[in-house]
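Just below is one structure, and these are the notes that go with it.
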Amino acid sequence: MTNILVTGATGRVGRHVVAGLQAAGVHVRALVRTPEAANLPPDVELVQGDIYDPSAVRRAAAGADAAFLLWPSYSSEGAEPIVAELPQRVAFLSSLNAASGGMWGDVEELLRKAGKDWTFVRPGGFAVNAQTWADQFRSGDVVRLPSPQAGRSLIHERDIAAVAVLSLLSDHHIGQTYEVTGPEVLTQAEQVQTIARTIGKEMRVEELSAADARQAMLAQGADPTLADSALTYWASLINNPEPVTPTVPQLTGRPALTFAQWSEEHAAEFRR
């Protein structure tokens, strides 16, 4: 039986990667910091350890045929020895912006230099990041956010996982870079209204200045460099919205999930 290591297995995408691999009859091993809190299916093999610890990754990768890599840092610092310990076959959760460099581009280059049989899954914006508005939905009728007219082709976390799972199940995907998005462009204001319609609540959108938005992000624990780059990126999407790619339907044989579908699945999180 194929044995695949999943890093980030308890996260928004990783849980769906685990489920997809198990549905395909794969034995899943997960590297987790706290096994007792992982809340993964009982037949998932748990290896206790930290993704930043090469010895832990070595233990988790022993005997694995492939790995799903999620690098959780804002920097690629420390990633090189981790990449060296991974199995030969790696599917890396990268970003649509990896071609511009940054952490994702750096880790991609590390995988190339290490001679791994890689697949890069490059999603655009995650639909699940809309959860950051949930408190505002529950507590009032206004969502305050920067760049409300920024156009995004948000992708459902299940679609990201579906592409990652397919990438790990066939050697056909080795050396491929998959840019994955949702099926349509919605502005951030339209995303708010989509959720509002789903839960049957009237909501207004107010624009936050870049300075106020930055302060709010820092107060929530965001890395300052990430906050600055995110604000710059969102502003750029007003005139140059994210693209829509056909990758999800081409690989999965079904339409990409819409933001409205995501909203229906997560509606309870936005209700009081």
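The values are calculated or read from the model by the stated rules, or taken from the named source; none is laboratory data. Here the structure is a predicted model, which is why all the values come from computation and not from measurement. Backbone-built Cβ (ideal geometry, glycine too); neighbour counts: all protein chains shown.
Name the helices (runs of 4 or more DSSP H) wholly within the range 143-243 that hold at least 2 residues that are touching a Phe, Trp or Tyr at 6+ places or on another chain (Cβ under 7 Å), within 19 Å of residue 270 (Cβ to Cβ) and outside the structural domain of residue 99 (by TED's automatic domain parsing)?
By residue number, 188-199.
Looking at the range 74-93 only, could you name the residues that are of a type outside the set (A, V, I, L, M, F, W, C), on the phi < 0 side of the Ramachandran plot and free of Cβ contacts under 8 Å to residues at least 40 places away in the same chain?
Those that are of a type outside the set (A, V, I, L, M, F, W, C), on the phi < 0 side of the Ramachandran plot and free of Cβ contacts under 8 Å to residues at least 40 places away in the same chain: 75, 76, 77, 80, 81, 85, 88.
Scan the range 221-229 and give yes if some residue there is within 17 Å of residue 131 (Cα to Cα) and surrounded by fewer than 14 Cβ atoms within 10 Å (Cβ to Cβ), otherwise no.
Within the range 221-229, one or more residues are within 17 Å of residue 131 (Cα to Cα) and surrounded by fewer than 14 Cβ atoms within 10 Å (Cβ to Cβ).
Filter the range 71-88 for residues that are hydrophobic (A, V, I, L, M, F, W, C) and under 12 Å from residue 58 (Cα atoms) and give the result.
Passing the criteria: 82, 83, 84, 86.
Please count how many residues of the range 244-262 are among the hydroxyl-bearing types (Ser, Thr, Tyr) and either closer than 20 Å to residue 102 by Cα or not in a loop (DSSP other than H, G, I, E, B) (or both).
Residues in the range 244-262 being among the hydroxyl-bearing types (Ser, Thr, Tyr) and either closer than 20 Å to residue 102 by Cα or not in a loop (DSSP other than H, G, I, E, B) (or both): 2 in total.
Exactly one condition in (1) surrounded by fewer than 19 Cβ atoms within 10 Å (Cβ to Cβ); (2) under 30 Å from residue 111 (Cα atoms) is false for residue 156; which is it?
Single failed check for residue 156: (1).
Can you report the number of residues in the range 11-43 which are crowded, with 19+ Cβ neighbours inside 10 Å, without any contact (Cβ under 8 Å) to a residue 60 or more places away in the chain and in a loop (DSSP other than H, G, I, E, B)?
Looking only at that region, the number is 1.
So in the range 108-137, with the set limited to residues that are outside any helix (DSSP H, G or I) and of a type in the set (Lys, Arg), which one is farthest from residue 92 (Cα to Cα)?
116
Please specify each residue of the range 48-59 satisfying the condition of being buried (at least 17 other Cβ atoms within 10 Å of the Cβ) and either under 17 Å from residue 15 (Cα atoms) or among the β-branched types (Val, Ile, Thr) (or both).
Scanning the range 48-59 gives 51, 57.
I'd like to check something: does the range 77-99 contain any residue that is out of contact with any strand residue (DSSP E or B) (no Cβ under 6 Å at 6 or more places or on another chain), of a type in the set (Val, Ile, Thr) and at pLDDT 95 or above?
Yes, the conditions are met somewhere in the range 77-99.
Residue by residue through the range 159-185, note down the ones that are among the polar types (S, T, N, Q) and surrounded by fewer than 24 Cβ atoms within 10 Å (Cβ to Cβ).
170, 176, 177
Does residue 96 meet the test of being in contact with a Pro (Cβ under 8 Å, 6 or more places away or on another chain), of a type in the set (A, V, I, L, M) and within 23 Å of residue 213 (Cβ to Cβ)?
yes
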